[in-house]
Amino acid sequence: MIKITSLTLLLKQKKILNDFPKIFLLGRSNIGKSSFINFFVNQKVAKSSKRPGKTLFLNHYLVNESFYLIDTPGYGYMKSSLIRKNLVEEIMKNFFKQLKDDDFVILLLNIFDNIFEIDWYVLKNILKQTKHIFILISKSDKLNQSKKHQIKLVLEKKLSEISLEVAKNYAFFSLKNQELPKNLENQILSFICETPKI
């Protein structure tokens, strides 16, 4: 696990801050991005909610004075006012425009939901901007090995149709294990070391 020595919160940003390497966390509404952030930094700093659409801005967490972990608004569903929906849509549209080839993206998928077309749409849009992407399949503790294998085959087939580079860039993950997948941890450490600060 990456050791956290310092953490600075820069919340409710409408634009991406660019003075440190950036790791973005993407996923559908209520998929568990806030819970993942709290696990990653080993502090309860991100508020989770049973109500989808709680995150409305780009919340930046400056980790160890070396990189940003950035929480983005959830996509796909939000039961709220038209004004809030439009705000999120605008922020996400700007997000894709600002995403750079040296940014890193973690895309969370829930194994108990179908992987919807919107997930593939988001993945394809990310790949237009950066090849640094990792897919994290959450709540894997609820699956037996047989079911995991089935999901693995389907996922790799679909991913290889989109990008051969991404086809192996995924891991099963559960907060109950309290452990970051080793291949993701290695990629994050490599990314932080190789990406220069501005």
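Determine if region 53-62 includes at least one residue that is part of a loop (DSSP other than H, G, I, E, B), out of contact with any Phe, Trp or Tyr (no Cβ under 7 Å at 6 or more places or on another chain) and either at pLDDT 90 or above or hydroxyl-bearing (Ser, Thr, Tyr) (or both). For region 53-62, residues part of a loop (DSSP other than H, G, I, E, B), out of contact with any Phe, Trp or Tyr (no Cβ under 7 Å at 6 or more places or on another chain) and either at pLDDT 90 or above or hydroxyl-bearing (Ser, Thr, Tyr) (or both): present. Taken together, the criteria place residue 20 among residues that are crowded, with 18+ Cβ neighbours inside 10 Å, modelled with pLDDT of 80 or more and assigned to a loop (DSSP other than H, G, I, E, B).
Listed conditions (1) touching a helix residue (DSSP H, G or I) at 6+ places or on another chain (Cβ under 8 Å); (2) under 25 Å from residue 34 (Cα atoms); (3) exposed (fewer than 14 other Cβ atoms within 10 Å of the Cβ) are all met by residue 103, apart from (3). Taken over region 23-48, the residue count meeting the criterion of being crowded, with 16+ Cβ neighbours inside 10 Å and touching a residue at least 40 places away in the same chain (Cβ under 8 Å) is 14.
On the basis of being at pLDDT below 80, of a type in the set (Lys, Arg) and surrounded by 13 or more Cβ atoms within 10 Å (Cβ to Cβ), does residue 139 make the cut? For residue 139, the condition - at pLDDT below 80, of a type in the set (Lys, Arg) and surrounded by 13 or more Cβ atoms within 10 Å (Cβ to Cβ) - is met.
Remark: pairs (first residue in region 113-132, over 13 Å from residue 159 (Cα atoms) and surrounded by fewer than 17 Cβ atoms within 10 Å (Cβ to Cβ); second residue at pLDDT 85 or above and among the aliphatic types (A, V, I, L, M); Cβ separation under 7 Å; 6+ apart in sequence or on different chains) = 130/99; 130/105.
Conditions tested, residue by residue: (1) surrounded by fewer than 17 Cβ atoms within 10 Å (Cβ to Cβ); (2) free of Cβ contacts under 8 Å to residues at least 60 places away in the same chain; (3) touching a helix residue (DSSP H, G or I) at 6+ places or on another chain (Cβ under 7 Å).
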residue	(1), (2), (3)
152	yes, yes, no
156	yes, yes, no
160	yes, yes, no
169	no, yes, no
176	yes, yes, yes
185	yes, no, no
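The values are calculated or read from the model by the stated rules, or taken from the named source; none is laboratory data. Predicted model only: the values in this text are computed from it and were never measured. Using ideal geometry, Cβ is built from the backbone for each residue, glycine included, and neighbour counts are taken over all protein chains shown.
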